[in-house]
1. Just rank 30, 9, 240, fewest to most, by other beta-carbon atoms within 10 angstrom.
2. May I ask you to derive the FRET efficiency for residue 237 and residue 117 from their Cβ-Cβ distance with R0 = 56 Å, giving the value to the nearest 0.05?
3. What is the spin-label model distance, in nm, from residue 170 to residue 288 if the labels are put 7 Å beyond Cα along the C-beta direction?
4. In whole Hz, with x marking every Gly and Pro, tabulate ³J(HN,Hα) for the range 138-143 from phi via Karplus 6.51 cos²θ - 1.76 cosθ + 1.60, θ = phi - 60°.
5. Can you give the extra length, in nm with one decimal, that the chain gains between residue 79 and residue 191 once fully stretched, where that is 0.36 nm per residue apart less the Cα-Cα distance?
6. Just to check I understand the Karplus step: with θ = phi - 60° and J = 6.51 cos²θ - 1.76 cosθ + 1.60, what whole-Hz values come out for the range 169-183, glycine and proline as x?
7. Order these by the 10 Å Cβ neighbour count, fewest first: 236, 174.
8. How high is the relative contact order of the range 129-238? Use alpha-carbon pairs under 8 Å, at least six apart in sequence, and give a whole percent.
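Each reported figure results from applying straightforward, stated rules to the coordinates on display, with no laboratory input. As the structure is a computational prediction, the values presented were derived from the model and not from experiment. Positions of Cβ are generated from backbone atoms using ideal geometry, with glycine treated the same way; all protein chains shown enter the neighbour counts.
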Amino acid sequence: MRVWFLWQVDRYELAWAAGFFDGEGWAAAVRDRARATLRPMARINQADANGVPEVLTRFQSALGGLGRIGGPDVVAGRRDLYRWVVSSRSDVELLQHFLLPWLGEVKLRALGSALERPPARSRHADPSDEWRAWAAGLYDGEGSTGLREHRTHAGHKIAELALTQSGQGTPEVLARLSCIVARGHIFGPYIQKGANLDVYRWKVEAQREIEPALMTLWPWLGAVKRTQAAPALATLRRQVQLPRGNPSWGNRKISCVNGHEYATARIRPFTSRKGGTEPRDSSACLACLREYARRRREEKERSAADDGGRSISDGFARYLLK
């Protein structure tokens, strides 16, 4: 009988494993021909032409050796398919116990259904090291880093980070990833032909954000994704960053029309006084706004002083005396 103790496992590796399972894992109650009752099962499939995928052995190791790795399943024209699997109630329960602090709501529902019990609640993510490890695991499972040709500058490359998930509404794992990395945007929904759920995609396209986003995940990122990201990082570091837009239109100005430097003037996010609007970076010069507000106050003060010293009109006085 195998016995696991929490001190035998690394929490960062468990967080990574939870992210990887959120991206690639599957859980359900299955029926075997030899038994009348359903049997809980959890599984991860990975294809690799060079033998057992490193992410599967890392996942198993993170769980203290839980589960077994099988394969390859060989199909002509495709890469060999390997799988990590647990197929007993006790092992599925232990899997959930290990990954519970980080698993997203979709996989928690799947595990609850497999174990025929109410699903556990997912937890709020934050930009801590454990959650960065979770994000790296998710990216190891579903993320991609690529380069493409610039649309208008021949020979210039554009890097992109992307991670796609389907769901009814924005998937929780994408919202978590965006919060943890603090970069990129979530796009969608996109309608996928033949699918029941819409597709959403988290992407980092701003070239100045590519390297910081990758460095957030790098300490826990697997070898395959590091190798995939290396050319993008090398290209960005080597090539000169292009100016944005057309400089003749004035979009590269360093000061406003009144001479205030944007670097010192644009320091406060916009917040609606009426409420109901999310704060956002202001596109106006803060120094100009302050001067405008001061002029408005002075005009109101002068108007109030004039009202206090103004004599009553003759016509209105005659009306009051009637």
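1. 240, 30, 9
2. According to the calculation, E is roughly 0.65.
3. 3.1 nm
4. In residue order, the calculated couplings are 4, 5, 4, x, 10, x Hz.
5. Computed gain between residue 79 and residue 191 is 37.5 nm.
6. Ordered by residue, 3J(HN,Hα) equals x, 4, x, 4, 5, 6, 5, 4, 4, 4, 5, 5, 7, 6, 8 Hz.
7. 236, 174
8. Taking the mean separation of contacting Cα pairs over the length of the range 129-238, I get 33 percent.
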